[in-house]
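Below you'll find the structure, written out as structure tokens, and then a few comments.
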Amino acid sequence: MSKLGTLGARLHHGEVGYDFVKNRKIWYGISILITITAIVGLAVRGLHMGIEFQGGAVFTTPKNMSASVAQAETWAEDASGHDAIVQKLGDGSLRIQISGTDTQQSDQIKEDLSQKLDVPAEKINADLVGPSWGDQIANKAWQGLGIFMVLVVIYLAIAFEWRMALAAFVALVHDITITVGIYALVGFEVTPGTVIGLLTILGYSLYDTVVVFDSLKEQTKDITKQTRWTYAEIANRSINSTLVRSINTTVVALLPVAGLLFIGGGVLGAGMLNDISLSLFVGLAAGAYSSIFIATPLVADLKEAEPQMKSLKKRVLAKRAQASAKGEEAPAAADEAPYAEDGTDDAAAAVVGPRNQPTSRGRGRGRPSGKRR
């Protein structure tokens with residue numbers, strides 16, 4: 001077995017682990033700092049909306065143009081007075097995108113470009129995009145996002161409980177805010193591909209969170225019938241038991257997206273890939289982070305505010321203090337297995353195994369041993 005596989009098995013069986021829940025204030029602070037930075041970037045720089053959202057003109061030149069992208073961009077900006085985005089397509093033609101132009105302006109820009117590029121005007125194809133179409137796309141995207149959020153909260157509240165639904169909702173808002181903020185800071189153009197990427201990462205982030213929640217739900221069944229572990233400690237075990245799985249799925253998902261962003265968009269210059277690849281890359285990373293460091297610790301905070309969980313925590317701490325006073329080894333959450341479903345303290349792990357397999361202390365309890373005295 002590989003080292004990563006061995007580590008995953010040890011994490012799953014509780015032999016090793018990191019206390020994510022105990023250090024939740026650190027993760028909350030990091031997330032708040034990143035979120036504030038994203039909001040400030042969004043407020044100061046704003047989003048660079050694509051032509052699909054604000055209208056404009058797209059000019060396509062004939063094949064095998066000798067002019068460079070930088071030259072065409074300068075000529076287009078001089079002719080229009082607006083920022084221009086120029087892309088060189090695979091057949092050597094240029095795609096010149098200029099926002100905020102109308103029909104009369106586009107005709108004049110087309111004439112100027114034909115002179116600069118030394119190409120007949122009739123061979124330059126011009127397409128106009130109205131801003132109303134972009135408004136419809138934006139409205140539909142917001143509607144889809146709102147419906148998605150409502151359905152997610154309802155489903156999680158039914159399948160798990162409202163606290164997990166609330167934590168997942170906070171994690172999703174966290175992921176969207178960070179992704180949009182980074183878009184504003186980087187200055188990439190927002191296109192329909194960006195919207196598609198945002199909606200895609202929501203599903204991925206939710207999947208990662210539900211995996212941890214499902215493990216947590218199983219391990220906290222009949223939790224009040226035992227006095228060894230608090231809710232927060234079992235929540236931490238749930239994170240550790242699914243940690244390697246989360247890392248593997250995140251890395252596998254990020255590799256092709258990174259290829260689109262850094263190789264396709266950066267090295268090869270396929271700028272059309274940047275809009276969707278950046279949203280996917282940032283969103284996938286933020287989603288994996290929030291499912292581990294935000295959603296589950298937040299559930300633990302919400303649950304431990306309940307009277308039953310407060311009482312359980314007092315009983316657990318009291319039992320450990322009593323064992324320590326007697327000089328016995330107090331049961332530690334990181335070293336012990338979760339209780340069995342019948343609530344007994346001596347049972348083996350139901351979901352996550354112990355560091356050392358439990359001895360059969362209860363064997364023969366209440367029954368004759370079979371030996372004659």
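List of remarks:
- Couplings for region 279-288, taken from phi via the Karplus curve 6.51 cos²θ - 1.76 cosθ + 1.60 with θ = phi - 60°, read 5, 5, 5, 5, x, 5, 5, 5, x, 5 Hz in order; Gly and Pro are left as x.
- Using a cut-off of 22 Å between Cα atoms, the listed pairs Lys88/Lys123; Lys63/Lys116; Lys22/Lys326; Lys221/Lys326 include Lys22/Lys326; Lys221/Lys326 as exceeding that distance.
- Accessible surface of Val195 - all protein chains present, 1.4 Å probe, nearest 10 Å²: 30
- The residues of region 56-129 present an accessible area of 53 Å² per residue when probed at 1.4 Å with all protein chains retained.
- Residue-span extension gain [Ile39 to Lys225] - 0.36 nm each, minus C-alpha spacing: 62.5 nm
- Taking N as the residue count of region 183-271, its C-alpha radius of gyration divided by 2.2 N^0.38 Å amounts to 1.58.
- Neighbourhood charge, 11 Å Cβ-Cβ cut-off, centred on Ser99 and excluding it, Lys, Arg +1 and Asp, Glu -1: -3
- Whole-percent carbon and sulfur share, accessible surface of region 56-129, 1.4 Å: 42
- Neighbour cut-off at most 16 other Cβ (10 Å), DSSP loop, trypsin sites (Lys or Arg not before Pro), region 36-114: Arg45, Lys63
- Sequence of Trp229, Trp75, Trp27 from largest to smallest accessible area, 1.4 Å probe: Trp75, Trp27, Trp229
- The length gained by stretching the chain between Ser311 and Val252 to full extension, at 0.36 nm per residue less their Cα-Cα distance, is 17.0 nm.
- Across the alpha-carbon atoms of region 68-212, the computed radius of gyration and Dmax are 21.6, 67 angstrom.
- Cα-only radius of gyration and Dmax that characterise region 56-129, units Å: 10.7, 30
The values are calculated or read from the model by the stated rules, or taken from the named source; none is laboratory data. Nothing here was measured: the structure is a model prediction, and the numbers come from that model. Note: ideal-geometry Cβ built from the backbone for every residue, glycine included; neighbour counts use all protein chains shown. Heads up: the accessible areas ignore ligands, DNA and RNA and are worked out on the full protein's heavy atoms, side chains in. Shrake-Rupley method; radii C 1.70, N 1.55, O 1.52, S 1.80 Å.
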